[in-house]
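Enquirer: Have a look at the structure that comes next, please.
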Amino acid sequence: MTNLGAFSFREVMLSLPAPHRGRFLAGMARRKKLAARIWIKGSASNADLRVFSDVYRATVSQAIVNTLEFQNTYKIAVVRNPASRVVSAYLDKFCGEDWNKDWVKDVVGQVGAERGISFNQFLDYLLEADPKTLNGHWCPQSFVFKDIEFDKVIKLEQLSEGFKDIEPIVGRRGAEVLRQRRQVQKYRDDWRGMSGDLVEAPSDLLIQTRESGGGVPPKEQFLTEVTRRKIAQIYAGDFERFSYSKP
């Protein structure tokens, strides 16, 4: 449901079976301002969409998973290259707009960093952490999906091609919406050549630089020999299950 913003609120509501619709509307009723914005606009901003998606997951998705209905549901997973995913998670959450969220500060606190957390420190945290305690943005995908057999697995890097294959099932409208990517990072080429320093740079320094220059370093700058080894170890299950080459 990561692209619900492209559907109108009415479409989502009317597409739900009655029992799920009631739970969903009850969840949205507790967020009246959000519901009003989405109803008027017919779409959602990224910030609103996160809350909207959380309500949907809690009231609809999880309810379906917990019933036998799920066994007969056509199941699709969109997965991402683990190396690209973990760098994006670090840049988006620790060096972006979410840096002050409690669940981000909790990781920084566990690491014991005073000036934010470096990418290398973040990987060390992931190496030691129990997957059951990890946030969904950086938890191994193979752990999240460990008990689910999917009918179709689509790689984010091949999103358009993958959704063309399932148009007969989800419909052309659904496929067009689902293949849209909502997040676009602005990268700065003048960071090139600084990879050794970047992986040890505290996140608050990257935040300051991002805010003053309007961009972030290219993701490949965070993939040094050391960080590649750590990523291969942390996400070994992802590389194997979803047939990605190790960095």
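Enquirer: Which far-off residues, 5 or more places away or on another chain, put their amide H under 5 Å from the one on residue 216, with H placed in the peptide plane?
Expert: Those lying under 5 Å, H to H, from residue 216 are 186, 187, 188.
Enquirer: Run the accessible area of region 49-147 with a 1.4 Å probe and give the carbon-and-sulfur part as a rounded percent.
Expert: That fraction is 48 percent.
Enquirer: Same structure again: Can you list the HN-Hα couplings for region 226-235, worked out from phi with the Karplus curve (6.51, -1.76, 1.60; θ = phi - 60°), rounded to whole Hz and with x for Gly and Pro?
Expert: Using θ = phi - 60°, the values come out as 5, 5, 4, 5, 5, 4, 4, 6, 4, 10 Hz.
Enquirer: What does the charge add up to near residue 232, with Lys and Arg as +1, Asp and Glu as -1, over the other residues with Cβ less than 12 Å from its Cβ?
Expert: Its environment carries a net charge of +1.
Enquirer: Any lysines with Cα under 18 Å of the residue 75 Cα? List them, leaving off those in the same chain fewer than 8 positions away.
Expert: Within reach: 146, 152, 155, 164.
Enquirer: Could you please report the charge total around residue 202, scoring K, R as +1 and D, E as -1 over all other residues with beta-carbon less than 15 angstrom from its beta-carbon?
Expert: -2
Enquirer: Taking amide H positions as placed in the peptide plane 1.01 Å from N, state which residues far from residue 154 in sequence (5 or more) or on other chains have amide H under 5 Å from it.
Expert: Answer set, sorted by chain and number: 77, 78, 79.
Enquirer: So if each residue of separation counts as 0.36 nm, and I subtract the Cα-Cα distance between residue 245 and residue 130, what length gain in nm does that give?
Expert: Gain in length upon complete extension: 39.0 nm.
Enquirer: How would 25, 134 line up by accessible area, probe 1.4 Å, largest first?
Expert: My answer, sorted largest first, is 25, 134.
Enquirer: Given R₀ = 45 Å, what would the calculated FRET efficiency be for residue 29 paired with residue 229, taking r from the Cβ atoms and rounding to 0.05?
Expert: 0.35
The values are calculated or read from the model by the stated rules, or taken from the named source; none is laboratory data. The model shown is predicted, which means the values in this text are computed figures rather than measured ones. Methodologically, a virtual Cβ is constructed for each residue, glycine included, from the backbone with ideal geometry; neighbour enumeration extends over all protein chains shown. SASA here: full protein model, heavy atoms, side chains in, ligands and nucleic acids out. Shrake-Rupley method; radii C 1.70, N 1.55, O 1.52, S 1.80 Å.
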